[in-house]
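S.K.: Can you read through this structure? Questions will come right after.
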Amino acid sequence: MNTRLFLSLICLLLLCSDPAMVSAADQVTMRPAAGQTVEIQINGQPFTTFNYSETLPKPFFLPVTTAGGVVVNRALGDTSDADHPHHKGIWNAIDEVNGVKFWAEKGKIVNTSTEIVRAEGPSAVIRTVNAWQNPESGKAEVEEAATVTIHANRLLVYDMTFTAVNGPVVFEDTKEGLFGFRVAPSMKEKNGGRVTASDGSATTAKCWGRTFSWVDYSGEVNGKTVGVTIMDHPENFRPSRYHVRDYGLFSISPFGEKAYTNGASEAKPVHLQQGQTLRLRYGLYIHDGDAAAADIAGAWKQFSEASK
């Protein structure tokens with residue numbers, strides 16, 4: 001054996017014997033916890049908690065934390081930022097489903113089952129089924145079955161299927177929906193936050209009501225720059241529009257053609273007959289740094305090529 005090869009092998013053995021020099025593969029873990037919650041960690045550090053108690057008006061993920069340990073969502077019950085109390089962490093709801101305003105929590109979204117499909121690995125998976133109940137009849141207007149995949153880079157993929165279970169269902173034209181996030185108060189655009197879209201459009205004024213592959217909302221929390229990106233899957237039945245506001249609301253929906261275009265387009269309500277289904281997929285990417293520093297392009301590629 002020549003001297004150079006021998007020295008190389010010795011160096012490799014020394015390197016591998018030093019635990020500080022070896023990094024384990026990134027791991028996501030999901031564990032059931034008290035109060036009908038599922039705690040989700042990445043590399044042993046908090047990412048988010050899924051809250052699905054039947055006492056809640058709807059299920060939601062909260063708090064949501066970056067790899068650097070920064071909580072990017074508004075805290076539940078934050079009295080300093082008390083508008084729109086129905087904006088809770090990461091949630092899924094919309095108004096005008098057979099006339100019921102689920103976004104405004106006039107109808108209740110009741111979790112009927114939650115199953116951890118894959119508890120740990122480079123990604124972990126939870127499946128949740130929710131009945132969107134009419135407050136008068138108590139019957140479900142629609143059933144939502146969602147598979148939620150959490151990747152180690154803090155990309156959350158929300159893959160939902162709506163089923164008409166008690167007769168016809170109409171998703172009317174509204175701006176109040178669907179897949180949403182409420183940023184921390186200091187991240188708001190009105191407090192210095194920045195909104196950037198996949199084509200380079202910037203500010204809430206230029207991104208609201210439009211379709212993009214993704215939109216990012218970044219800002220400062222306790223002196224650190226952090227952000228959240230929402231992504232629209234290219235195989236959704238129509239491009240979704242972004243409902244992004246300077247006061248911190250950030251959501252995406254395919255159900256508001258007229259509302260989001262201020263009447264420039266005609267309303268296109270979605271009708272499901274008994275037993276019919278509608279599938280929608282959205283991505284949400286939590287990152288440290290601003291949109292330029294985060295690997296949004298990589299996360300978008302990962303999301304758009306998955307679950308086809």
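S.K.: Using helices alone, what [θ] at 222 nm do you get for the chain, with -39,500 (n - 2.57) per DSSP H run of 4 or more residues, divided over all residues and rounded to the nearest 500?
M.R.: Computed mean residue ellipticity for the chain: -3000 deg cm²/dmol.
S.K.: Suppose the chain between ASP246 and ALA306 were pulled fully straight at 0.36 nm per residue; how much longer would it get relative to their current alpha carbon spacing?
M.R.: Result: 18.5 nm gained on full extension.
S.K.: Test of understanding: ordering PHE250, PHE162 by Cβ neighbours within 10 Å, fewest first, what list do you get?
M.R.: PHE162, PHE250
S.K.: When a/c reaches 1.5 or more, the comparison of a/b and b/c decides; with that in mind, is region 107-156 rounded, prolate or oblate per its Cα gyration tensor?
M.R.: prolate
S.K.: How far is it, in nm, from the label point at THR112 to the one at LEU56 when both lie 7 Å from their Cα along the line to the Cβ?
M.R.: Those two pseudo-labels are separated by 1.9 nm.
S.K.: Give the label of the value calculated from the structure for volume of the Cα convex hull per residue in Å³, choosing from (i) 115; (ii) 163; (iii) 183.
M.R.: Matching entry in (i) 115; (ii) 163; (iii) 183: (ii).
S.K.: Using only Cα atoms, what is the ratio of the radius of gyration of region 208-291 to 2.2 N^0.38 Å?
M.R.: So the Cα radius of gyration is 1.28 times the expected 2.2 N^0.38 Å.
S.K.: Which angle between 0 and 90 degrees, to the nearest 10, do you get for helix 3-17 versus the longest principal axis of the chain when only C-alpha atoms count?
M.R.: Roughly 50 degrees between the two axes.
S.K.: Let me ask something else about it. Please report, in debye to the nearest 20, how large the charge dipole of the chain is about its Cα centre when each Lys and Arg carries +1 at its beta carbon and each Asp and Glu carries -1 there.
M.R.: 200 debye
S.K.: Give me the extension gain from ASN191 to GLN273: residue separation times 0.36 nm, minus the current Cα-Cα distance, reported in nm with one decimal.
M.R.: Contour length minus Cα-Cα distance gives 25.0 nm.
All of the numbers you see were taken from the coordinates with simple rules; none came from a lab. This structure is a prediction, so every number in the text was calculated from the model and none was measured. Methodologically, a virtual Cβ is constructed for each residue, glycine included, from the backbone with ideal geometry; neighbour enumeration extends over all protein chains shown.
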